[in-house]
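**Student:** This is the structure I want to talk about, given as structure tokens.
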Amino acid sequence: MHYISTRGDSPAVTLSEGLAAGLAPDGGLYVPRTLPAIDWSAAEADPSLATVGRVLLGPFAAGDPLAEVLGEVVDDAYAPPAPVAATNDPRLHVLELFHGPTAAFKDFGARFLAASLQRVLPEGAPTTILVATSGDTGSAVAAAFHRRPGFRVVVLYPEGRVSPRQAHQLEAFGDNVVTLAVSGSFDDCQAMVKTAFRDGALRAEVRMTSANSISLGRLLPQMVYHAATALQVAARSGGPVGLVVPTGNLGNALAAWLAGALGAPIHSVVLATNRNDVLVDWSRTGRFEARTAIPTLANAMDVGLPSNLERLRWFLDRGVQGPAIHAVSVDDERIRGMLARAPERYGHVVCPHTACALEAYETVEACREGPWVAAATAHPAKFDEVVEPVIGEEVPLPAPLAALLARPRHAHPLQPTDAALRTVLTRPLGLA
Ligand SMILES: *Cc1c(COP(=O)(O)O)cnc(C)c1O
């Protein structure tokens with residue numbers, strides 16, 4: 001399997017080359033040149049993450065050194081479970097993606113990427129994992145690479161725009177993790193990272209790769225839990241399943257759509273966004289414009305222009321058939337309303353992002369006929385300062401999160417300029 005750039009101006013690469021590069025040299029995103037035919041029979045017989053991971057990702061690693069070790073990588077990435085829980089609504093299940101070390105779905109992709117890179121990067125100079133985060137990516141990536149020899153993690157986050165607990169998680173590592181508190185927006189952080197990757201002189205000096213949701217190493221493994229869930233629910237209900245996915249950069253939802261395009265029993269994917277609604281315009285008109293991100297209660301989805309839209313459009317422009325796409329925007333008032341109603345209506349205390357998914361489930365016309373699965377992308381205890389006042393009780397911390405929050409904090413302030421980031425990257429900070 002080879003991967004090419006969405007912008008068409010970079011040489012084709014193998015999977016491990018694509019993982020090591022992050023963004024393609026022409027500034028595009030790597031996409032598989034063709035979608036492989038998947039033989040689903042083993043996954044239908046055993047829709048566990050371990051088996052679905054091998055069945056679905058095998059063809060994407062074909063011809064690459066990763067193919068030899070894919071089983072180990074899958075087992076490492078999917079060590080945390082992803083249970084499909086019933087709700088009080090018989091037509092709706094919830095896919096709990098928050099049982100990993102940082103209590104959000106991004107742990108799966110980050111662990112897959114770390115386990116893969118550790119096995120395929122050449123020996124020699126340490127590799128810097130450079131990542132901009134709107135909240136959850138950075139801590140997941142830091143946790144996945146923390147104290148892994150041969151790696152340094154540099155995380156940028158918009159200071160004051162993530163929850164206090166998210167900030168503590170981002171700063172809870174030290175050692176080979178350098179956490180930069182940037183006085184700017186997430187879009188600023190993302191732009192700085194993109195510039196650094198395009199800076200040829202810098203790349204010659206510092207071996208770097210990305211771990212943002214643009215990375216193939218995040219996108220591909222995220223297909224696995226969507227496919228496994230769809231197989232499990234479809235086996236019980238006898239027909240294909242609709243998925244509602246809280247959406248910011250469109251990484252998780254694109255993975256769900258791709259899993260469906262590859263033949264997993266998924267008929268629709270609902271993109272549940274917060275007030276940042278570029279995808280709603282795009283799904284209605286086919287047109288969109290980059291906007292400034294608006295801060296919301298579901299802050300891990302505060303994205304002006306979802307970076308993976310370029311990938312989705314690339315597939316659609318080439319006539320790839322996949323699940324139907326619906327997009328819906330949920331404002332803060334409706335998020336609060338759903339946080340308050342969800343415990344009784346569905347039997348789950350949810351995070352603000354998951355609340356967007358439940359609200360979308362109730363409002364999208366296509367959701368009238370079941371079965372549906374809403375992705376619960378983070379544990380509500382990560383957003384205690386939003387959730388607890390609304391539900392009027394404390395949300396107990398899951399054990400891994402409690403352990404992280406007991407650690408001391410390490411952070412460096414940073415101006416939102418390319419030069420400031422360059423200075424950090426060329427210093428041996430985090431490499432000692
Ligand atoms: C990152 C994140 C999202 C958005 O996921 P994308 O892949 O960027 O669309 C949703 N919910 C939570 C909790 C997140 O951390």
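**Student:** Restricting attention to region 244-268, and to residues there that are closer than 23 Å to SER134 by Cα and of a type in the set (A, V, I, L, M), which single residue is farthest from the ligand (Cβ to nearest atom)?
**Tutor:** So, considering only residues that are closer than 23 Å to SER134 by Cα and of a type in the set (A, V, I, L, M), the one farthest from the ligand (Cβ to nearest atom) is VAL244.
**Student:** Further, regarding this structure: Between a residue in region 345-358 that is closer than 16 Å to GLU388 by Cβ and any residue that is of a type in the set (S, T, N, Q) and more than 10 Å from the ligand (Cβ to nearest atom), which pairs come within a Cβ distance under 9 Å, given they are 6 or more apart or on different chains?
**Tutor:** From region 345-358, the pairs are HIS348/THR87; HIS348/ASN88; PRO352/THR296.
**Student:** In region 373-396, which residues are of a type outside the set (A, V, I, L, M) and surrounded by 14 or more Cβ atoms within 10 Å (Cβ to Cβ)?
**Tutor:** THR377, HIS379, PRO380, LYS382, PHE383, ASP384, GLU388
**Student:** In addition: Inside region 270-366, counting only helices (runs of 4 or more DSSP H) that do not spill past its ends, which hold 2 or more residues that are under 17 Å from the mean Cα position of the chain (by Cα) and not aromatic (Phe, Trp, Tyr)?
**Tutor:** Result: 309-317, 352-363.
**Student:** Hey, another quick one. Those residues that are of a type outside the set (A, V, I, L, M, F, W, C) and either under 16 Å from HIS353 (Cβ atoms) or within 10 Å of the ligand (Cβ to nearest atom) (or both), I need them from region 294-314; list them, please.
**Tutor:** PRO295, THR296, ASN299, ASP302, PRO306, SER307, ASN308 - these are the residues of region 294-314 that are of a type outside the set (A, V, I, L, M, F, W, C) and either under 16 Å from HIS353 (Cβ atoms) or within 10 Å of the ligand (Cβ to nearest atom) (or both).
**Student:** On the given criteria, is LEU202 touching a Cys at 6+ places or on another chain (Cβ under 9 Å), away from the ligand (no atom under 16 Å from the Cβ) and not basic (Lys, Arg)?
**Tutor:** No, not satisfied.
**Student:** Now for a separate question. Determine, yes or no, whether ALA420 is out of contact with any Asp or Glu (no Cβ under 6 Å at 6 or more places or on another chain) and either more than 30 Å from ALA255 (Cα to Cα) or surrounded by fewer than 16 Cβ atoms within 10 Å (Cβ to Cβ) (or both).
**Tutor:** So ALA420 passes the test.
**Student:** Consider only pairs whose beta carbons are under 8 Å apart and that are at least six residues apart or on different chains; among these, list those whose first residue lies in region 229-253 and is in contact (Cβ under 8 Å) with a residue 40 or more places away in the chain and within 25 Å of ALA104 (Cα to Cα) and whose second residue is away from the ligand (no atom under 16 Å from the Cβ) and among the charged types (D, E, K, R).
**Tutor:** From region 229-253, the pairs are LEU231/GLU44.
**Student:** Would you call ASP9 over 20 Å from PRO122 (Cβ atoms), charged (D, E, K, R) and at pLDDT 95 or above?
**Tutor:** Considered against the rule, which asks whether it is over 20 Å from PRO122 (Cβ atoms), charged (D, E, K, R) and at pLDDT 95 or above, ASP9 comes out as no.
**Student:** Can I ask one more? Return the only residue of HIS326, HIS379 being touching a strand residue (DSSP E or B) at 6+ places or on another chain (Cβ under 6 Å) and modelled with pLDDT of 95 or more.
**Tutor:** Of the residues listed, the single one that is touching a strand residue (DSSP E or B) at 6+ places or on another chain (Cβ under 6 Å) and modelled with pLDDT of 95 or more is HIS326.
**Student:** Another question, if that's okay. Among the candidates PRO90, PRO83, single out the residue that is in contact with a strand residue (DSSP E or B) (Cβ under 7 Å, 6 or more places away or on another chain) and either within 21 Å of PRO240 (Cα to Cα) or hydroxyl-bearing (Ser, Thr, Tyr) (or both).
**Tutor:** Among PRO90, PRO83, only PRO83 is in contact with a strand residue (DSSP E or B) (Cβ under 7 Å, 6 or more places away or on another chain) and either within 21 Å of PRO240 (Cα to Cα) or hydroxyl-bearing (Ser, Thr, Tyr) (or both).
**Student:** Please enumerate the residues belonging to region 378-396 that are part of a loop (DSSP other than H, G, I, E, B) and in contact (Cβ under 8 Å) with a residue 24 or more places away in the chain.
**Tutor:** Of everything in region 378-396, those that are part of a loop (DSSP other than H, G, I, E, B) and in contact (Cβ under 8 Å) with a residue 24 or more places away in the chain turn out to be HIS379, VAL395.
**Student:** Still on this structure, please answer the following. Would you say ALA375 is within 16 Å of the ligand (Cβ to nearest atom) and part of a strand (DSSP E or B)?
**Tutor:** Answer is yes for this residue.
**Student:** Let me ask something else. Scan region 397-414 for residues that are surrounded by 13 or more Cβ atoms within 10 Å (Cβ to Cβ) and in a loop (DSSP other than H, G, I, E, B) and report the count.
**Tutor:** Looking only at that region, the number is 6.
**Student:** Check every one of the strands (runs of 3 or more DSSP E) wholly within region 87-162 and list those with 2 or more residues that are within 13 Å of the ligand (Cβ to nearest atom) and surrounded by 24 or more Cβ atoms within 10 Å (Cβ to Cβ).
**Tutor:** By residue number, 127-132.
**Student:** In this structure, does LEU219 turn out to be part of a helix (DSSP H, G or I), within 16 Å of the ligand (Cβ to nearest atom) and touching a Ser or Thr at 6+ places or on another chain (Cβ under 8 Å)?
**Tutor:** Taking the combined requirement at face value, the residue satisfies it.
**Student:** Would you pick out the residues in region 273-301 that are aliphatic (A, V, I, L, M) and in contact with an Asp or Glu (Cβ under 7 Å, 6 or more places away or on another chain)?
**Tutor:** Once the filter is applied, which keeps residues that are aliphatic (A, V, I, L, M) and in contact with an Asp or Glu (Cβ under 7 Å, 6 or more places away or on another chain), region 273-301 yields ALA293, ILE294, LEU297, ALA300.
The values are calculated or read from the model by the stated rules, or taken from the named source; none is laboratory data. None of these values were measured; they are calculated from a predicted model. Here Cβ is always computed from backbone atoms with ideal geometry, including for glycine, and neighbour counts include all displayed protein chains.
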